[in-house]
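Report on the following structure.
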Amino acid sequence: MDIEEFYDQDPRRRASDEIEFGREWYESGLRYEVAWVADTGEVYAMAESYDRHGVTTQSVTVEILAVIEGRDAITSVLTGWRDAMAQPESLAWVRARVAGGGGSRT
């Protein structure tokens, strides 16, 4: 889904605090930002696709990776993220951590 669809689907997302876990995650040649939405517990990866027209709202896609309730829980699950982000195909590390992080995958 694009970024506007993501925020429109649940009004809590726009007003919520978020914790950003870096903007330099990579998978299949794309760069991602990973963040956690406090009010919904959603961990999401956002990719920006560039084309000849630059970045548009429709080109910013969001994938919800998991739901992990609580700031302490997400901080614990993603401990070490800064070091992991520097690795090739690093988004796989996030996927693995949140899949086993006590949250439910969506």
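If you take the residues in segment 65-88 that are of a type in the set (A, V, I, L, M, F, W, C) and out of contact with any strand residue (DSSP E or B) (no Cβ under 9 Å at 6 or more places or on another chain), which one is least open to solvent (accessible area, probe 1.4 Å)? Steps first, please.
Narrowing segment 65-88 to residues of a type in the set (A, V, I, L, M, F, W, C): 65-68, 73-74, 77-78, 81, 84-86.
With out of contact with any strand residue (DSSP E or B) (no Cβ under 9 Å at 6 or more places or on another chain) added as a condition, the list becomes 73, 86.
Values: Ala73: 35, Ala86: 85 Å².
The qualifying residue least open to solvent (accessible area, probe 1.4 Å) is Ala73.
Of the residues making up segment 28-50, those that are over 16 Å from Glu5 (Cα atoms), modelled with pLDDT of 95 or more and either among the acidic types (Asp, Glu) or not in a strand (DSSP E or B) (or both) are Glu33, Ala38, Asp39, Gly41. When segment 89-106 is filtered for residues that are open to solvent by less than 50 Å² (accessible area, probe 1.4 Å) and at pLDDT below 65, only Gly103 remains.
Pairing residues of segment 1-26 that are without any contact (Cβ under 8 Å) to a residue 40 or more places away in the chain with residues that are surrounded by fewer than 13 Cβ atoms within 10 Å (Cβ to Cβ), at Cβ distances under 6 Å and at least 6 apart in sequence or on separate chains, gives Tyr7/Arg14.
Considering every residue within segment 51-71, establish whether at least one is assigned to a helix (DSSP H, G or I) and modelled with pLDDT of 95 or more. Let's see the steps before the verdict.
Let us first name the residues in segment 51-71 that are assigned to a helix (DSSP H, G or I), namely 57-59, 71.
Now narrow it down to the ones that are modelled with pLDDT of 95 or more: 71.
Yes - at least one qualifying residue is present in segment 51-71.
The values are calculated or read from the model by the stated rules, or taken from the named source; none is laboratory data. It should be emphasised that the depicted structure is a prediction, and the values quoted were computed from it without experimental measurement. Positions of Cβ are generated from backbone atoms using ideal geometry, with glycine treated the same way; all protein chains shown enter the neighbour counts. Accessible surface is based on the protein model in full, side chains and every heavy atom, while ligands, DNA and RNA are left aside. Shrake-Rupley method; radii C 1.70, N 1.55, O 1.52, S 1.80 Å.
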